[in-house]
Amino acid sequence: MFLSQFHQATAEGIRISPHQASRFAKEIAGDFNPIHDPGSKRFCVPGDLLFSLVLGKYGLYQRMGFGFSGMVGQDVALLFPETEEQRFTVTNAKDKEFLQVERSGDRTQDKTLIEAFCRAYIAFSGHNFPHILVPLMAEKGVMINPDRPLVIYESMSFGLDRLDIADVRLELAGSTLETQGKRGDAWLEFRVLEGEEQVGTGRKKLVLSGLQPYQEDKIQGLIEALCAARRDYRPD
C-alpha cells in the first residue's frame, strides 16, 4: 500500500518522521499547512495520515468514527492495539491518547478499495482550505490569524451503504461555521459516490483558533502564500 513510505514499524511502535509527515501532507494531501513542516515549532503529523494507517491496518468498515485528542509530534512511537473491539485508542507507551476509533458493520480488507477510499478522502480533505473554509469565514466576518494560521482536525465519521464500491470519490454536501470568541467550529458534510450514485455520507469537524475580524487583503495574502508554496515545492 502507498503508506509504506510514510512510516516505519519499529519495536517501540509506528514512527512517522517529520520528513515523512511533510511529504505525505504535500505530495498526497496537497496540504501546505506549515505545522506539517519539519522544524516547525508546532509540528504535527497530518490527521489524514493517521486515518489512513488505521484503515490500512484494521480494514474499512461500513461505519467508522475518528476522534483526535492529541497532536502527534516528532519522534512519537504510536501503539496500534491488536484488538477486535469496536472501540479502541491509538496511544504511546505512556498511555497518552492521540486517536479514538469506532467501527461497526461489515468489513473489507480489499487493499485496492482501501487505498482508493483513503485517497478519495484525502483529496477531499486537502481542499478544506481555502476552497471551503475561506467562504465560511467571510460569511461570518472572521478569519484565522494569517501570521499563525491554526486549523485543527478534531473528528470525522462516515457510513457506507455497501462495501462493493469502485471508482469512489467524495463530494461536499454542506458546510457550517459556528463561532464563539476566538474559536470556531467548522462542520463539513460530504457524500461518498460511486460514479453518480451516492453510497454513503460523512461528517468532518475542524476547529479554528485565534479568530479575528475578517480582512480580505490578509486572507488573499495567506492564499497567495499557500499557492506559492505549492508552486515552488519540489519533491525529493
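The values are calculated or read from the model by the stated rules, or taken from the named source; none is laboratory data. No experiment lies behind these values; they were computed from the predicted model shown. FYI the Cβ positions are ideal-geometry reconstructions off the backbone, even for glycines, and counts take in every protein chain you see.
Tally the residues that are assigned to a helix (DSSP H, G or I) and in contact with a strand residue (DSSP E or B) (Cβ under 8 Å, 6 or more places away or on another chain), restricting the search to the stretch 56-101.
1
Need at least 2 residues that are touching a residue at least 60 places away in the same chain (Cβ under 8 Å) per element, so show me which strands (runs of 3 or more DSSP E) inside the stretch 126-202 make the cut, counting only ones lying wholly within it.
Ranges flagged: 151-160, 183-194.
Does any residue of the stretch 2-13 turn out to be closer than 20 Å to residue 156 by Cα and in contact with a strand residue (DSSP E or B) (Cβ under 9 Å, 6 or more places away or on another chain)?
No, because not a single residue in the stretch 2-13 is closer than 20 Å to residue 156 by Cα and in contact with a strand residue (DSSP E or B) (Cβ under 9 Å, 6 or more places away or on another chain).
Can you tell me how many residues in the stretch 16-47 are within 19 Å of residue 101 (Cβ to Cβ) and either of a type in the set (Gly, Ala, Ser) or touching an Asp or Glu at 6+ places or on another chain (Cβ under 7 Å) (or both)?
Final tally of qualifying residues: 2.
Out of the residues in the stretch 170-184 meeting the condition of being in contact with a helix residue (DSSP H, G or I) (Cβ under 9 Å, 6 or more places away or on another chain) and surrounded by fewer than 17 Cβ atoms within 10 Å (Cβ to Cβ), tell me which one is farthest from residue 55 (Cα to Cα).
Taking the candidates together, the pick is 179.
Search the stretch 148-168 for residues being touching a Gly at 6+ places or on another chain (Cβ under 9 Å) and over 24 Å from residue 68 (Cβ atoms), and hand back the single one that is surrounded by the most Cβ atoms within 10 Å (Cβ to Cβ).
Filtering the stretch 148-168 for residues that are touching a Gly at 6+ places or on another chain (Cβ under 9 Å) and over 24 Å from residue 68 (Cβ atoms), the one surrounded by the most Cβ atoms within 10 Å (Cβ to Cβ) comes out as 165.
Of the conditions (1) within 20 Å of the chain's Cα centre (by Cα); (2) modelled with pLDDT of 95 or more, residue 107 fails just one. Which one is it?
Of everything listed in (1) within 20 Å of the chain's Cα centre (by Cα); (2) modelled with pLDDT of 95 or more, residue 107 misses just condition (1).
Report, by residue number, each residue of the stretch 2-30 that is part of a loop (DSSP other than H, G, I, E, B) and either aliphatic (A, V, I, L, M) or under 11 Å from residue 53 (Cβ atoms) (or both). Before the answer, list the steps.
Of all residues in the stretch 2-30, those part of a loop (DSSP other than H, G, I, E, B) come to 7, 11-12, 16-17, 29-30.
Result: 7, 11, 16, 29.
Mind checking which residues of the stretch 203-224 are without any contact (Cβ under 8 Å) to a residue 60 or more places away in the chain and either surrounded by 14 or more Cβ atoms within 10 Å (Cβ to Cβ) or not in a helix (DSSP H, G or I) (or both)?
Of everything in the stretch 203-224, those that are without any contact (Cβ under 8 Å) to a residue 60 or more places away in the chain and either surrounded by 14 or more Cβ atoms within 10 Å (Cβ to Cβ) or not in a helix (DSSP H, G or I) (or both) turn out to be 203, 205, 207.
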